[in-house]
Amino acid sequence: MSSKAKFLILLVIAAVVLSACAAPAAPTTPAPTTAPVATQGPTPVAVIPPDKLAQKGHLLICSDIPYPPQEFFDENGNPTGIDIDLGTEIAHRLGLQVQFVNSVFDTIIAAVNSGKCDIIMSAMNITDTRKKQVSMIPYFIAGQALVVVKGNPNNINGPLDICGQQVAAESGTTNSDWLSGTNDYAGAGLPADCAKAGKAAPQVVVTQKDSDALQQLQANKVVAYATDSPVAGYYTAQHPDQFQVAGQVIQPIPEGIVVPCGADDCTNAPLSTVGVAVQTAFQSMVADGTYMTILKKWGQEEAAIK
């Protein structure tokens, strides 16, 4: 190697050593580049104006928990169930965060009409009495059923077998109205059927929560507990050694997503802005199969609105 080459190598080494010892250079501004695009969720299928919501950016859903499999708490205390899944998806399709408000069923319509929540998803049957107070969007079909203790010691095989006997049901429900002959069952319901058979009307033990009615049966304070058929099926499947369903499912009727109507009588009132948006979101779920996927997850595809 020539002396000139050796000299050049020594200069390079010296430059490297000096650069390693020098203070870091001040950062330079990079050349302009295209700004990254923020990740966004799907475009909402409908939009609810913020002033129409109980809480900005949220869809507050009143639900009477527990009422499995439609709404109940999981082992971590989080709401879960059919209505919870459907309500969460509706909120998502409206570009909103979901929040569930645990409510008492007997006052749940008053809660939505007073603005404590935006909608109700709580296994609420569509009845003429309710349609006067709120708008109801059909989304599920359920009947009523009688649950008895395992072995059926009182030989309850149908509605007429509970005539004159104590039966538990949650206050404000279709089950309670049918047993008592009140509201849409005024002058009818089971008391009328019992009278035709020459029997006394059932003695209805009304409870604040559906789970309290089940406890009345569990404590042998009543001969049967009346509830919706999916709930009866859930409890008997979860506790086959304790409970069983007596007889057949009674009077299957649609349940509705409830929204305020803003009128004194909602019977023929058009859907509100909130109602139209919620209906649009629900219909999109039906159209793309998400609705049926959720029902199948809970084994309730037969309850789908046709």
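If the condition is being β-branched (V, I, T) and not in a helix (DSSP H, G or I), then region 151-180 contributes I156, V167, T173. Scanning for something under 28 Å from M136 (Cβ atoms), among the hydroxyl-bearing types (S, T, Y) and outside any strand (DSSP E or B), does region 186-209 turn up at least one residue? No: zero hits.
Per the listing A226, A304, A277, A281, the residue uniquely in contact with a strand residue (DSSP E or B) (Cβ under 8 Å, 6 or more places away or on another chain), among the small types (G, A, S) and buried (at least 21 other Cβ atoms within 10 Å of the Cβ) is A226. Among the residues of region 201-216, the ones that are of a type outside the set (G, A, S), within 13 Å of I162 (Cα to Cα) and surrounded by fewer than 23 Cβ atoms within 10 Å (Cβ to Cβ) come to 2 in all. Tell me, yes or no, whether region 93-107 has at least one residue that is surrounded by fewer than 20 Cβ atoms within 10 Å (Cβ to Cβ), polar (S, T, N, Q) and in contact with a Gly (Cβ under 9 Å, 6 or more places away or on another chain). Yes, some residue in region 93-107 is surrounded by fewer than 20 Cβ atoms within 10 Å (Cβ to Cβ), polar (S, T, N, Q) and in contact with a Gly (Cβ under 9 Å, 6 or more places away or on another chain).
Among the candidates G187, G198, G151, single out the residue that is over 24 Å from Q300 (Cα atoms), at pLDDT below 95, out of contact with any helix residue (DSSP H, G or I) (no Cβ under 7 Å at 6 or more places or on another chain) and not aliphatic (A, V, I, L, M). G187 is the lone residue from the list that is over 24 Å from Q300 (Cα atoms), at pLDDT below 95, out of contact with any helix residue (DSSP H, G or I) (no Cβ under 7 Å at 6 or more places or on another chain) and not aliphatic (A, V, I, L, M).
The values are calculated or read from the model by the stated rules, or taken from the named source; none is laboratory data. Only a predicted model underlies this, so the values are computations on that prediction, with no experimental measurement involved. Methodologically, a virtual Cβ is constructed for each residue, glycine included, from the backbone with ideal geometry; neighbour enumeration extends over all protein chains shown.
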